[in-house]
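**Student:** Before we start, here is the structure in question, set down as structure tokens.
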């Protein structure tokens, strides 16, 4: 079975990225040496550089290679688009590039790109080495303002959050993890991390809910089933009450919380009630809201609302659940400038 787009994004193929970058370097060298037609060689170089970046957006050399080729092609529009794309991945405002519309990026584009890569490293292991405990508050403040719907940005900040756990602690990181997932619920890697954190804390209902989300999105995982086995083994003979998965009301409350978080950047107005306990099922009203969410591109909100309704036994919402999942998967289709 082939990997889904979300699975490929979660695990960048460094070997394929390196291979395509090597090919790009070869064709770039041929074009500079005047061997063969320049236009043919440079086109092959650009095509391979794009493939390298598509397979592995976490390697800074893949960004630098494509930028170098665009400068050689005098592609001012292309270097602007590439810089905007990098800013989106790093969680920066791409509008910063538009402020340079009167400046030729053929002259300074590579310099700006290099500065961004050096100051905000794409490798999370390198990034965390320069992180200080005093930076936690500023990181949280920045994190909560980000639009993390870009799939690569979502994966990148998920990896950073994973490295930050020992410094910032579970209280901070669990909340930020849920914010991250409210933008892109198919990030099964973060669901798994949240499940483990809740399990360590003894919050088994929340752990199961997170593992369930992870396994629902990534069928190759068995984290929910493994957790169930651990819990049954733990309770077997140690308690008069056998462990059971969370009640429907707990699952609904969990999904309402995620639904509310997902509306932070939403254009759709969603009223989930004054409190989690006051959520009522109104098929006509909920169906209109789901249609409105999908129409406005608020796929995460539609996902959590429809899943809550299905959990409540409203099977008519299953159609909307599948539609929102397909739409979210479609947003993972990355186009390299």
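The values are calculated or read from the model by the stated rules, or taken from the named source; none is laboratory data. This is a predicted model, so every value here is computed, not measured. Here Cβ is always computed from backbone atoms with ideal geometry, including for glycine, and neighbour counts include all displayed protein chains.
**Student:** So, in segment 72-81, how many residues would count as being assigned to a helix (DSSP H, G or I) and surrounded by fewer than 24 Cβ atoms within 10 Å (Cβ to Cβ)?
**Tutor:** Here is the first cut: in segment 72-81, the ones assigned to a helix (DSSP H, G or I) are 72, 76-81.
Add one more test, that the residue is surrounded by fewer than 24 Cβ atoms within 10 Å (Cβ to Cβ), and what stays is 72, 76-78, 80-81.
Looking only at that region, the number is 6.
**Student:** Sticking with this one: Go through segment 18-29 and give me each residue that's surrounded by 20 or more Cβ atoms within 10 Å (Cβ to Cβ) and closer than 20 Å to residue 114 by Cβ.
**Tutor:** So in segment 18-29, the residues surrounded by 20 or more Cβ atoms within 10 Å (Cβ to Cβ) come out as 20-21, 24, 27-28.
Those that are surrounded by 20 or more Cβ atoms within 10 Å (Cβ to Cβ) and closer than 20 Å to residue 114 by Cβ: 21, 24, 28.
The rows are residues; the columns are (1) out of contact with any helix residue (DSSP H, G or I) (no Cβ under 7 Å at 6 or more places or on another chain); (2) under 21 Å from residue 122 (Cα atoms); (3) surrounded by fewer than 16 Cβ atoms within 10 Å (Cβ to Cβ).
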{"position": "31", "(1), (2), (3)": "no, no, no"}
{"position": "34", "(1), (2), (3)": "yes, no, yes"}
{"position": "38", "(1), (2), (3)": "no, no, yes"}
{"position": "41", "(1), (2), (3)": "no, no, no"}
{"position": "50", "(1), (2), (3)": "no, yes, no"}
{"position": "65", "(1), (2), (3)": "no, yes, no"}
{"position": "68", "(1), (2), (3)": "no, yes, no"}
{"position": "98", "(1), (2), (3)": "yes, no, yes"}
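**Student:** Pairs under 9 Å by beta carbon, first residue over 17 Å from residue 199 (Cα atoms) in segment 233-255, partner assigned to a loop (DSSP other than H, G, I, E, B) and modelled with pLDDT of 90 or more, six or more apart or different chains?
**Tutor:** From segment 233-255, the pairs are 248/312; 248/313; 252/312.
**Student:** Take the residues of segment 1-17 that are buried (at least 16 other Cβ atoms within 10 Å of the Cβ) and assigned to a helix (DSSP H, G or I): which is modelled with the highest pLDDT?
**Tutor:** 17
**Student:** Just wondering, is there one or more residues in segment 171-188 that are more than 19 Å from the chain's Cα centre (by Cα) and modelled with pLDDT under 95?
**Tutor:** There is at least one residue in segment 171-188 that is more than 19 Å from the chain's Cα centre (by Cα) and modelled with pLDDT under 95.
**Student:** Residues to consider are 146, 112; find the one that is under 19 Å from the mean Cα position of the chain (by Cα) and either surrounded by 15 or more Cβ atoms within 10 Å (Cβ to Cβ) or under 30 Å from residue 40 (Cβ atoms) (or both).
**Tutor:** Within the list 146, 112, the selection yields 146.
**Student:** Taking the condition outside any helix (DSSP H, G or I), surrounded by 14 or more Cβ atoms within 10 Å (Cβ to Cβ) and within 17 Å of the chain's Cα centre (by Cα), does residue 122 pass? If you could, list the steps in order and put the result at the bottom.
**Tutor:** Details: outside any helix (DSSP H, G or I): yes; surrounded by 14 or more Cβ atoms within 10 Å (Cβ to Cβ): yes; within 17 Å of the chain's Cα centre (by Cα): yes.
So residue 122 fits the description; yes.
A quick yes/no check of all residues on (1) assigned to a helix (DSSP H, G or I); (2) outside the structural domain of residue 90 (by TED's automatic domain parsing); (3) touching a strand residue (DSSP E or B) at 6+ places or on another chain (Cβ under 6 Å); (4) more than 15 Å from residue 335 (Cα to Cα):
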{"position": "42", "(1), (2), (3), (4)": "yes, no, no, yes"}
{"position": "52", "(1), (2), (3), (4)": "yes, no, no, no"}
{"position": "57", "(1), (2), (3), (4)": "no, no, no, no"}
{"position": "61", "(1), (2), (3), (4)": "yes, no, no, yes"}
{"position": "70", "(1), (2), (3), (4)": "yes, no, no, yes"}
